[in-house]
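Enquirer: What follows is a single structure, and I will ask about it in a moment.
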Amino acid sequence: MKEDLVKAVDYGQKLGADYVEVRTQKLFKTLFTTKDGEVEAAKEGTENGAGIRVLAKGAWGFVTLGTLDPKLLKQAVEEAFKMAKAASFRVKTPVKLAETKAVEDRVVTKSRKDPREIPIKEKINVALAMDKAIFDYDNRVKSCTIDYLDLTGTNYFINSDGTYIEQDKLYVWSRILASAREADVFTSGREEIGSTAGFEVFDVETPEIVGTRIAKRVIDQLKAKAPKGGTFPAVIGTNVVGVFIHEAFGHLAEADLTLSGSILSDKLGKKIASEVVTTYDDGTVDGAFGSFKYDDEGVPTQKSLLVRNGKVVGLMHNRETAFKFNMQPTGNARAEDFRFEPIIRMRNTYLASGDHTFEELIEDIDFGYYLKSFRGGQANLDGTFQVGIQEAYEVVEGQLGSPVRNASISGNTLETLHKVDAVGRDFKLWPGRCGKVQTAFICDGGPHIRVREVIVGGGA
């Protein structure tokens, strides 16, 4: 494999390319979906291919292949070179890359339960056991859909700067969606499981534990009431903190979107949050769903400080944006697979812990909300956001009160970050998937936090 990749890169340089990189993958995937105790779809198999990216005269050319044939690899390099030359006539600002140190490495992933060694029937049985636990919890549960994916294999990366990396990939992921109904009240809930360790994740997140957790959530919400609309103080749980930091702040700090006009475009070095807010995007968290050793440009991952005590001190970069900002690449260039070009993506994005207990966070609230678990979220480059909440409770005179159904929060990211006045001492990361043209496995999270006020509404 290495010899063929070296020849392909050398060929690109002989053609006159300024930079050449080849990413190849040998992967094995299992995917299936169950719905209400039945298997709806299932497939597994190998998936091999290559993505070739060439920089010539300040422009990119990119070609993908569904084969690793050496002859076709060379042809793809030539085609990518021709594309780059053609595109160069339309480029206003030529692309330049920040320098990086050449690396040669072999990254091996070890698991106690390799998904490749688990029969698909056993994997499906785990999902069906989870489905059964959800339906057995209460007869008001009306539906359950479970998606499962595992992915194992090896990525091969080589570039004309002298880097060559072989890096194993291992992901196990599942999403569970359930709903319940009583009279004219309908509730729904979701849960995601993600691991880079192996199938042993289901030894901890067993079907019974996960099934009971999500079933209890949707059943408890049946007796919940609608939230009062308006602006209230709120304690925000680790799950909601994660999606808020990811959606409302993290995307704004991806340097390509910063350059596209996000509200952080002129905020580097400036205060955008209260002094208790410190955030990171970290690819080094052991076992986390967004961790890896090298990104898809061959750059080592790292722990990147984005906000320190309320002030923006860093962004997430690939080699191209790092050059534009005169900074170092941060290891955030990621591609879903060989079919996609690497773009700037988050890894494990979180708010750092403080020193408050949960009781201290709620004790001074006369009336407000505890927002425990999110349903979904979105944010815009202008800093506006909305996050749907699937589990919430009133806080009355410093105590947790009645459950609230179908709440949402919205507002302006920077205004909300300025209103964070206390940060919990706990910490948790939550696995998930992020869609930004491509899909990326990520984690987000942090501690519980308290905001002096946030707009609370229904729906979402």
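Quick note: the coordinates plus some simple rules give every number you see, no bench work behind them. Because the structure is a prediction, the values reported are computed rather than measured. Every residue, glycine among them, receives a Cβ derived from its backbone with ideal geometry; neighbour counts consider all protein chains shown.
Enquirer: In whole percent, what relative contact order does the chain give with Cα contacts below 8 Å and a gap of six or more residues?
Expert: So the answer I get is 16 percent.
Enquirer: While we're looking at this one, here's another question. Any chance you could run the full-extension gain for residue 231 through residue 216? It's 0.36 nm times the residue separation minus the Cα-Cα distance, nm to one decimal.
Expert: On the way: separation 15, 0.36 × 15 = 5.40 nm, distance 2.86 nm.
Full extension from residue 231 to residue 216 adds 2.5 nm.
Enquirer: While we're looking at this one, here's another question. Please give the calculated 222 nm ellipticity per residue for the chain, where each DSSP H segment of at least 4 residues contributes -39500 (n - 2.57) and the sum is spread over every residue; nearest 500 deg cm²/dmol?
Expert: On the way: 10 runs with 98 residues, N = 460.
Calculated mean residue ellipticity at 222 nm is -6000 deg cm²/dmol.
Enquirer: Next up: Can you tell me how much longer the chain between residue 67 and residue 125 gets when fully stretched, taken as 0.36 nm per residue apart minus their C-alpha distance, in nm with one decimal?
Expert: Details: separation 58, 0.36 × 58 = 20.88 nm, distance 3.36 nm.
So the extension gain works out to 17.5 nm.
Enquirer: Compute the normalised compactness of segment 230-458: alpha-carbon radius of gyration over 2.2 N^0.38 Å, N being the residue count.
Expert: Compactness ratio reported: 0.99.
Enquirer: Continuing with the same structure: Once both axes come from the Cα atoms, what is the angle between helix 2-15 and the longest principal axis of the chain, in degrees from 0 to 90, rounded to 10?
Expert: Roughly 70 degrees, rounded to the nearest 10.
Enquirer: Next question, about the same structure. So, R0 is 25 Å and r is the distance between the beta-carbons of residue 324 and residue 86; what FRET efficiency does that work out to, to 0.05?
Expert: Working: r = 23 Å, r/R0 = 0.93.
Calculated value: 0.60.
Enquirer: Working out 0.36 nm times the residue gap between residue 266 and residue 42, then minus their Cα-Cα distance, what length gain in nm do you get to one decimal?
Expert: Values: separation 224, 0.36 × 224 = 80.64 nm, distance 4.81 nm.
Difference between extended and current length: 75.8 nm.
Enquirer: Hey, which of these cross-link pairs are over 32 Å Cα-Cα: 43/436; 43/223; 29/225; 71/96; 14/101?
Expert: 43/223; 29/225
Enquirer: Give the residues of segment 99-123 whose amide nitrogen is closer than 17 Å to a point set 7 Å from the Cα of residue 259 in the direction of its Cβ.
Expert: Taking a point 7 Å out along Cα→Cβ of residue 259, the residues of segment 99-123 whose backbone N falls under 17 Å are 99-100.
Enquirer: If R0 is 35 Å, what FRET efficiency do you get for residue 436 and residue 2 from their C-beta distance, rounded to 0.05?
Expert: On the way: r = 31 Å, r/R0 = 0.90.
It comes to 0.65.
Enquirer: With just the Cα atoms of segment 106-189, tell me how far they stretch along each of the three principal axes, in Å, largest first.
Expert: Largest first, segment 106-189 extends 66, 27, 15 Å along its Cα principal axes.
Enquirer: Next question. Modelled label-to-label distance, residue 136 and residue 110, 7 Å Cα→beta-carbon offset: nm?
Expert: With each label point 7 Å from Cα toward Cβ, the separation is 3.6 nm.
Enquirer: Based on the mean of other Cβ atoms within 10 Å per residue, sort peptides 248-256, 169-177 so the most packed one is first.
Expert: On the way: 248-256: 25.2, 169-177: 21.1.
Result, highest mean Cβ count within 10 Å first: 248-256, 169-177.
Enquirer: Sort 285-298, 36-49 by packing, meaning the average of other beta carbons within 10 Å per residue, with the highest value first.
Expert: Details: 285-298: 21.4, 36-49: 12.5.
Order by mean packing, descending: 285-298, 36-49.
Enquirer: At a Förster distance of 51 Å, what's the computed FRET efficiency of residue 200 paired with residue 380, Cβ-Cβ distance as r, to 0.05? Please report the intermediate quantities before stating the final value.
Expert: On the way: r = 40 Å, r/R0 = 0.77.
Step by step, r from the Cβ atoms, then E = 0.80.
Enquirer: Given axes a ≥ b ≥ c from the Cα gyration tensor, I'd like to know whether segment 287-335 is rounded (a/c under 1.5), prolate (a/b larger than b/c) or oblate.
Expert: Values: a/c = 2.72, a/b = 1.19, b/c = 2.28.
Oblate.
Enquirer: Could you work out the pair-distance distribution P(r) of the chain from its alpha-carbon pairs, with 10 angstrom bin width and percents rounded to whole numbers?
Expert: 4, 19, 27, 25, 17, 7, 1, 0
Enquirer: How big is the equivalent ellipsoid of segment 2-223 along its three axes, where each semi-axis is √(5λ) from the Cα gyration tensor, reported in whole Å from largest to smallest? Numbers along the way, then the final one.
Expert: Details: eigenvalues 435, 80, 43 Å².
Those come to 47, 20, 15 Å.
Enquirer: Helix 207-220 sits at what angle to the longest principal axis of the chain, using alpha carbons and giving 0 to 90 degrees rounded to 10?
Expert: Helix 207-220 sits at roughly 50 degrees to that axis.
Enquirer: A follow-up question, please. Tell me the angle of helix 120-137 to the major Cα principal axis of the chain, expressed in degrees between 0 and 90 and rounded to the nearest ten.
Expert: 20 degrees
Enquirer: When only Cα pairs under 8 Å and 6 or more residues apart are kept, what is the percent relative contact order across segment 102-227?
Expert: 31 percent
Enquirer: Let me know the shape class of segment 158-294, please: from the alpha-carbon gyration tensor, a ≥ b ≥ c as square roots of the eigenvalues, rounded when a/c is under 1.5, otherwise prolate if a/b is greater than b/c, or oblate.
Expert: Numbers: a/c = 2.73, a/b = 1.26, b/c = 2.16.
Oblate, since a/c reaches 1.5 and b/c is not below a/b.
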